[in-house]
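Novice: Let me begin by handing over the structure; questions about it come next.
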Amino acid sequence: MITREWPMYRVVLENHQLLPLLPRFNLKLGFGEKSVDEVCRTHGVNTDFFLEIANAYLDELYVPEEGLALFSLSTMVDYITSTHSYFTDIALPVVEEKIFRLMAHSALSEREVNLVTDFFNDYKEDFMAHLSQEEEHILPYVVELERQSTQKEPDPDFIQKLQTYSIREFEKEHDRLETSLRHLSELIIKYLPPFDDLQLCHQVLNDLVALMKDLVDHADVEDKVLIPRVAELERKLLNRETTA
């Protein structure tokens with residue numbers, strides 16, 4: 001398990017899978033001998049929050065719920081928003097470029113090429129719609145819920161909304177997004193003719209696997225930590241108002 005005293009360069013050198021986390025915290029390479037704590041403080045990052053996310057990212061058996069419960073929902077929302085930016089600005093464009101390059105240099109029929117590209121474009125549209133829903137509706141709601149919970153007299157309109165809406169309604173989306181990526185990998189491995197550019201094909205498959213794992217880890221933070229905390233806060237705020 002990573003600790004705050006570890007040199008940050010060693011953390012990344014021995015755990016390359018953490019590289020996608022760095023831009024989400026606005027951490028750049030060139031750490032020198034600075035510890036994790038020194039690097040985080042230099043960049044205005046909460047060290048404990050970074051460690052919780054990093055250790056959960058590295059170890060599937062690591063349970064982040066208790067540690068992440070120490071942080072405000074706003075801190076988690078900021079991290080989720082940064083993760084969305086990583087997906088849309090870095091991870092997804094990299095996969096997209098390689099898939100289309102693989103199709104352009106393949107001997108596949110036009111129907112087969114269209115099958116892959118249409119599948120990916122449909123997935124991308126679905127994925128972007130999911131992120132947009134989160135950022136326009138879900139995450140602002142979470143921040144406002146946390147704010148309202150600190151008010152002596154919460155906004156009556158917000159309390160009325162709580163009586164007809166729960167964060168649990170949002171919980172079902174992630175499985176479908178992960179399954180779609182898995183189906184794309186199956187399509188390439190199982191149903192299409194062999195590709196001449198085997199190296200590029202393997203890069204595409206590796207990128208899809210990495211993106212799937214990233215989505216699973218991201219969904220775990222939302223489904224296992226964020227949503228239960230939001231649901232509990234909803235319940236407490238409603239109970240407070242009904243007993244007032």
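The values are calculated or read from the model by the stated rules, or taken from the named source; none is laboratory data. Note that the structure is predicted; figures quoted are calculated from it, not measured. Counting neighbours? That spans all protein chains shown, and the Cβs are built from the backbone with ideal geometry, glycine included.
Novice: Any idea how many residues of segment 1-16 are exposed (fewer than 14 other Cβ atoms within 10 Å of the Cβ) and in a helix (DSSP H, G or I)?
Specialist: Total meeting the criteria: 3.
Novice: Looking for whichever is at pLDDT below 85, part of a helix (DSSP H, G or I) and out of contact with any Ser or Thr (no Cβ under 8 Å at 6 or more places or on another chain) here; the options are 220, 207, 157. Which one fits?
Specialist: 220
Novice: Scan segment 78-99 and tell me whether some residue there is of a type outside the set (A, V, I, L, M), in the same structural domain as residue 227 (by TED's automatic domain parsing), exposed (fewer than 14 other Cβ atoms within 10 Å of the Cβ) and over 19 Å from the mean Cα position of the chain (by Cα).
Specialist: Yes.
Novice: Still on this model: Tally up the residues in segment 188-209 that are in contact (Cβ under 8 Å) with a residue 40 or more places away in the chain and either exposed (fewer than 11 other Cβ atoms within 10 Å of the Cβ) or closer than 18 Å to residue 92 by Cα (or both), please.
Specialist: 8
Novice: Here's a check for you: in segment 160-170, which residue that is surrounded by fewer than 16 Cβ atoms within 10 Å (Cβ to Cβ) and not polar (S, T, N, Q) is modelled with the lowest pLDDT?
Specialist: Applying the filter and picking the extreme gives 169.
Novice: Restricting the search to segment 191-225, which residues are among the basic types (Lys, Arg) and over 10 Å from the mean Cα position of the chain (by Cα)?
Specialist: Once the filter is applied, which keeps residues that are among the basic types (Lys, Arg) and over 10 Å from the mean Cα position of the chain (by Cα), segment 191-225 yields only 224.
Novice: Cβ-Cβ below 8 Å, separation at least six or inter-chain, first residue in segment 105-128 and free of Cβ contacts under 8 Å to residues at least 40 places away in the same chain, second of a type in the set (Phe, Trp, Tyr): which pairs?
Specialist: 117/100
Novice: Show me the helices (runs of 4 or more DSSP H) found entirely inside segment 34-131 where at least 3 residues are within 30 Å of residue 188 (Cβ to Cβ).
Specialist: 47-58, 73-86, 92-104
Novice: Still on this structure, please answer the following. Does at least one position in segment 120-138 carry a residue that is surrounded by 15 or more Cβ atoms within 10 Å (Cβ to Cβ), in the same structural domain as residue 223 (by TED's automatic domain parsing), in contact with a Phe, Trp or Tyr (Cβ under 9 Å, 6 or more places away or on another chain) and farther than 28 Å from residue 228 by Cα?
Specialist: There is at least one residue in segment 120-138 that is surrounded by 15 or more Cβ atoms within 10 Å (Cβ to Cβ), in the same structural domain as residue 223 (by TED's automatic domain parsing), in contact with a Phe, Trp or Tyr (Cβ under 9 Å, 6 or more places away or on another chain) and farther than 28 Å from residue 228 by Cα.
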